[in-house]
């Protein structure tokens with residue numbers, strides 16, 4: 001009885017072993033066929049790619065985004081941190097002392113050139129001006145008295161000499177200067193904007209007593225705005241006034257502004273080994289404010305007639321550079337990979353170079369820029385404007 005049980009157990013073990021071996025053989029054989037099929041299509045498939053492809057349903061197109069290959073000018077840029085400052089900024093100070101009678105503006109207000117901003121009580125200065133004018137009238141009367149009878153003098157040189165002496169004796173010149181000074185003091189009780197801009201740092205209120213030379217407010221020109229950056233000495237020679245600049249401000253994430261290189265300082269600072277570059281940027285709505293931080297890309301070189309693709313199209317596979325080209329009619333087609341050789345690049349575009357060991361792309365062809373990270377060669381894809389909304393992989 002015991003011997004019969006041993007025989008039955010051994011037979012069951014052999015049957016299980018045979019079934020397992022058949023399964024292993026089937027998996028190995030099927031895997032080899034997949035590799036041969038992939039090699040026959042493009043000759044570049046690898047085991048990792050085949051396994052990745054198994055994650056997708058081959059009958060359902062994968063949403064992707066694409067962009068066209070172009071032959072155009074590649075603009076190389078110098079990128080640096082920058083800060084916005086006013087093109088003109090003036091801290092206005094009182095020229096005369098007195099009580100503030102009126103403040104006609106508030107901080108952040110937009111003002112025009114010559115606009116009245118602050119009034120200082122003018123009463124004392126008006127009285128002083130009238131007093132000086134009276135003194136001038138008295139001096140003028142004395143001057144005329146000293147010249148009574150001189151009309152009978154026929155010698156022109158003698159008459160001119162007597163007139164000069166009479167003016168000095170009457171104090172006419174000094175009285176005239178005193179009147180001009182009094183008129184100027186009276187005018188200085190009205191503080192006006194020296195140019196169009198916005199008000200900042202308002203420091204006085206009505207009724208406050210201020211001294212001559214005391215700062216009352218600041219006027220800043222806001223449009224255009226100036227952006228200053230420091231460029232390394234090795235790169236500053238590539239930048240010229242009039243060059244285009246692209247600015248990204250921290251305060252406006254995802255938004256870019258366009259400016260123009262205004263000046264390039266010819267002096268390199270000893271400590272930083274950099275030179276200051278100033279960029280002018282239009283600011284008609286006063287959204288940009290002095291002191292804001294920015295990242296600026298300065299156009300340094302223009303390289304014409306280059307074969308260009310978006311940087312987002314470039315991928316790395318097997319330590320080689322490649323991209324996917326869309327082949328198909330309408331919105332549905334196949335993603336065909338190509339190994340390419342890249343050259344110079346900027347923030348958005350990459351140059352594709354001719355190389356006998358790699359392939360080229362042609363102007364007008366569509367290369368995939370979104371949803372292509374996990375694709376395999378010959379994957380079924382569909383062009384979409386918003387691949388995330390359609391269930392694709394936008395990374």
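So the values come out like this:
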read-out	value
Residues of the stretch 104-127 that turn out to be surrounded by 17 or more Cβ atoms within 10 Å (Cβ to Cβ) and touching a helix residue (DSSP H, G or I) at 6+ places or on another chain (Cβ under 8 Å), as a count	2
Residue satisfying all of: in the stretch 231-240; surrounded by fewer than 18 Cβ atoms within 10 Å (Cβ to Cβ) and touching a residue at least 40 places away in the same chain (Cβ under 8 Å); farthest from residue 297 (Cα to Cα) among these	233
Subset of the stretch 273-321 [in contact (Cβ under 8 Å) with a residue 40 or more places away in the chain, more than 30 Å from residue 373 (Cα to Cα) and in a loop (DSSP other than H, G, I, E, B)]	273, 282, 283, 284, 286, 288, 289, 290, 291, 292
Only one of 95, 101, 106, 88 that is at pLDDT below 95 and within 25 Å of residue 218 (Cβ to Cβ)	88
Matching residues, the stretch 171-193, being assigned to a loop (DSSP other than H, G, I, E, B) and out of contact with any strand residue (DSSP E or B) (no Cβ under 6 Å at 6 or more places or on another chain)	171, 188
Neighbours by Cβ (under 9 Å, 6+ apart or cross-chain): first from the stretch 124-141, more than 16 Å from residue 185 (Cβ to Cβ); second outside any helix (DSSP H, G or I)	138/171; 139/171
Qualifying strands (runs of 3 or more DSSP E) (wholly inside the stretch 323-395; at least 3 residues being under 35 Å from the mean Cα position of the chain (by Cα))	341-345, 349-353, 366-370
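Let's see how each residue does on (1) within 37 Å of the chain's Cα centre (by Cα); (2) in the same structural domain as residue 244 (by TED's automatic domain parsing):
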site: 83; (1), (2): yes, yes
site: 102; (1), (2): no, no
site: 109; (1), (2): yes, no
site: 127; (1), (2): no, no
site: 132; (1), (2): no, no
site: 143; (1), (2): no, no
site: 155; (1), (2): no, no
site: 158; (1), (2): no, no
site: 167; (1), (2): no, no
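The values are calculated or read from the model by the stated rules, or taken from the named source; none is laboratory data. Keep in mind that what you see is a predicted model, and the values were worked out from it rather than measured. Positions of Cβ are backbone-derived with ideal geometry, glycine not excepted, and every protein chain shown enters the neighbour counts.
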